[in-house]
Amino acid sequence: MSLVVGGTEFVLIPVRGGETPDALMVHLPASGLLFTGDVMMPYLGAPFTAEGSPEGLLETLRYIRELAPRQLIQGHTTLTENFTIEALAGLEPALTELHEFGLARIGENMTLPHILDLGYLPALLRDHPAAVVPYLVCRDHFIARLYHQRTGYWQPDGQGLDPRSPEERAVALDLLAGGKADAFVTAAATLASQGDLALAMEILTPGLLRHPESSELAELRQAVLVRLMEQHQLSDPFRFLVYAELAAAEVSPVG
């Protein structure tokens, strides 16, 4: 559908984007501008809801490449700066290859953490340096959405067979820790020193459930959360915000 406003033609293009199934792009043929909104949001929908489609993202990327606009205007400045029309030349085939790779690993009953640990990097990115950062920002979210859309609530490693509450898991870990907060502190501090910050949080959270009076656990948890915020502040705003909320950190507006 197209309409003319003030002598300028606007072409409205409904697409099934990566963020939602009902995106809308706006093309200005005369100037070669394409307003894409959030169709290339690297999280494949919000991580907390079952929306966003790897296939929808790939369809949209192929369509944009065929349309060949001069410039893309995204819904967020960082997307506009990184997900450029030049980057799409490598990003679309790289994500297509990642899609095939992910499906193959899922078909082999590989768990999501093991697939993510492979850190798949298509060789074709060597010839498309502009696509490397957009690909890396998308990769884990792309695989995670693909995995969750194609697997059930029982996982190959037994996850989901007999769900347990955080409190129940905390009781079990406390048995291993001998009922002592110091054991949780030592394990979490060791993991954090090795850079395994998210894993350290998996020790600290149940530790505090069992030993809420421990100032050492509370202080270490806060320090780990701050490091996680620092780690993700430039590449993954959703993770940054979640860790900031867990840390009860007051995030100032960008100047």
Within region 44-62, how many residues turn out to be surrounded by 15 or more Cβ atoms within 10 Å (Cβ to Cβ) and either of a type in the set (S, T, N, Q) or part of a helix (DSSP H, G or I) (or both)? 8
Note on LEU121: of the conditions (1) surrounded by fewer than 21 Cβ atoms within 10 Å (Cβ to Cβ); (2) in a helix (DSSP H, G or I); (3) under 20 Å from the mean Cα position of the chain (by Cα), unmet is (2)
Here is a list: LEU199, LEU217, LEU225, LEU208. Which entry is under 29 Å from ILE106 (Cα atoms), in contact with a Leu (Cβ under 6 Å, 6 or more places away or on another chain) and at pLDDT 95 or above? LEU199
Within region 63-91, can you find the residues that are part of a helix (DSSP H, G or I) and surrounded by fewer than 20 Cβ atoms within 10 Å (Cβ to Cβ)? TYR63, ARG65, GLU66, LEU67, THR77, THR78, THR80, GLU81, ASN82, ILE85, GLU86, ALA89
Taking region 2-30 and keeping only residues that are under 33 Å from the mean Cα position of the chain (by Cα) and farther than 29 Å from HIS141 by Cβ, one is left with PHE10, VAL11, LEU28, PRO29
Please work out which residue is modelled with the highest pLDDT, limiting yourself to region 1-22 and to residues that are crowded, with 22+ Cβ neighbours inside 10 Å and in contact with a strand residue (DSSP E or B) (Cβ under 9 Å, 6 or more places away or on another chain). GLU19
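The values are calculated or read from the model by the stated rules, or taken from the named source; none is laboratory data. Note that the structure is a prediction, hence the values are computed from the model and not measured. Neighbour counts are summed over all protein chains in view; Cβ atoms, including those assigned to glycine, are modelled from backbone coordinates with ideal geometry.
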